[in-house]
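To start, the structure under review is shown below, and the notes come after it.
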Amino acid sequence: MSANSKKAENTAPSGIQVRPISGTIGAEISGVDVSQALPDEVIADIRQALLDHLVIFIRDQDITPAQQVAFVSRFGEPDIYPFVKGLDDYPEVTPILKLPDETVNFGGIWHSDTVYQPTPPMGTVLYAKELPPAGGDTLFANQYLAYETLSPPLRAFLDGLTAVNSAAKGASAATRSDRVANSGTGLAAEVMEAEHPVVRTHPETGRKALYVNTGHTVRFSGMTEAESTPILDFLYRHQVKPEFSCRFVWTLGSMVFWDNRCAQHYPVNDYHGHTRLLHRVTLKGDKPV
Ligand code: SIN
């Protein structure tokens, strides 16, 4: 093993391996079978890897919805997605589906999950059930770095602000249109809006992260859309720079767990004519501060 690969791959105290996939976000974990009742030490190491790397990837898993819910429940309380029905027996498991005749992909815009809720989910766990022959990757971006790389005057300006986030923002609402049409819960997007700090402090790491996103953020509180848009547009470009990002190439049985409090994601819509199906479970979060 070279000195570099030694540095990159870390064996955690419980014995699981954690290997970063980029310089700034994302790590693959190996040595774990999430279908099993894992010891507390393994769960603690997975949680630490999530806090350190913001998104973690566990390949080659073979699990049922019940096992996915059981695994996710070791990290908190599963939540219910408001707009699309979950599985009949497991309402907390939402199918993330794109069919061969569809052109939009669910969540196909940079975002952190359901920021229009008063207490958005702390994390999300996806499990790959069916994949296109190529494409359908998911990108992730580190929002600690997005904040830390802004100039001090801009950070000071943003630190004191809150922003309005809406489920009805057009481009984002469009990405759920097919799923809402054939398995929607009937809830109207217009009813979900929440104000949150533009810069939130992560409750576990204590680090500050940029917390606006192009999918849901409408304007800064107390400012008009016309006043907010130029600054927000700059932040949307800045916060997903390749230097803060990684790309995960799915394989069947892959599980991905990201931290919505400090990471954004973007599923790439480049696989028209093919099916892509993942099972998603989110974890309840707290009120951003
Ligand atoms: C989502 O935003 O939950 C979907 C992510 C994906 O399909 O990769």
Arranged by the count of other C-beta atoms within 10 angstrom, fewest first, what order do S35, S245 take? S35, S245
Eigenvalues of the alpha-carbon gyration tensor of the stretch 144-240, times 5 and square-rooted, give semi-axes in Å, largest first, of 27, 15, 12
In percent, what relative contact order does the stretch 1-144 have, based on Cα pairs under 8 Å that are 6 or more apart in sequence? 16
Please list, short to long, the whole-number percent of alpha-carbon pairs of the chain in consecutive 5 angstrom bins beginning at zero. 1, 6, 12, 17, 19, 18, 13, 9, 4, 1, 0, 0
Beyond 26 Å (Cα-Cα) in this structure, taken from K129/K169; K129/K287; K208/K241; K129/K208, we find K129/K169; K129/K287; K129/K208
S30-I80 pseudo-label distance in nm [points 7 Å out on the Cα-to-Cβ vector]: 4.1
What share of the DSSP beta bridges in the chain is antiparallel, in percent to the nearest 5? 95
Which residues among the stretch 218-252 fall inside the zone where the amide N is under 17 Å from a point 7 Å beyond the Cα of L161, along Cα→Cβ? 218-240
Convex hull of the stretch 175-289 built on C-alpha atoms - directionally averaged projected area, nm²: 9.8
Which FRET efficiency value, to the nearest 0.05, is calculated for A37 and V249 with the Förster distance at 25 angstrom and r the Cβ-Cβ distance? 0.25
What are the GluC sites (Glu not before Pro) within the stretch 1-95 that DSSP puts in a loop, where the Cβ has at most 12 other Cβ atoms within 10 Å? none
Exposure proxy ranking, count of Cβ atoms within 10 Å, fewest first, for C262, C246: C246, C262
Can you compute the helix-only [θ] at 222 nm over the chain? Use -39500 (n - 2.57) per DSSP H run of at least 4 residues, normalise by all residues, nearest 500 deg cm²/dmol. -7000 deg cm²/dmol
Please sort 225-237, 65-77, 43-55, 111-123 by packing, taking for each peptide the average over its residues of neighbouring beta carbons within 10 angstrom, highest first. 111-123, 43-55, 65-77, 225-237
Taking θ = phi - 60°, what integer Hz values does the Karplus form 6.51 cos²θ - 1.76 cosθ + 1.60 yield along the stretch 79-91, in sequence order, with x for Gly and Pro? 10, 10, 6, x, 9, 10, 5, x, 5, 3, 7, 9, x
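All of the numbers you see were taken from the coordinates with simple rules; none came from a lab. Treat the numbers as computed from the prediction; the structure is a model and nothing was measured. Neighbour counts are summed over all protein chains in view; Cβ atoms, including those assigned to glycine, are modelled from backbone coordinates with ideal geometry.
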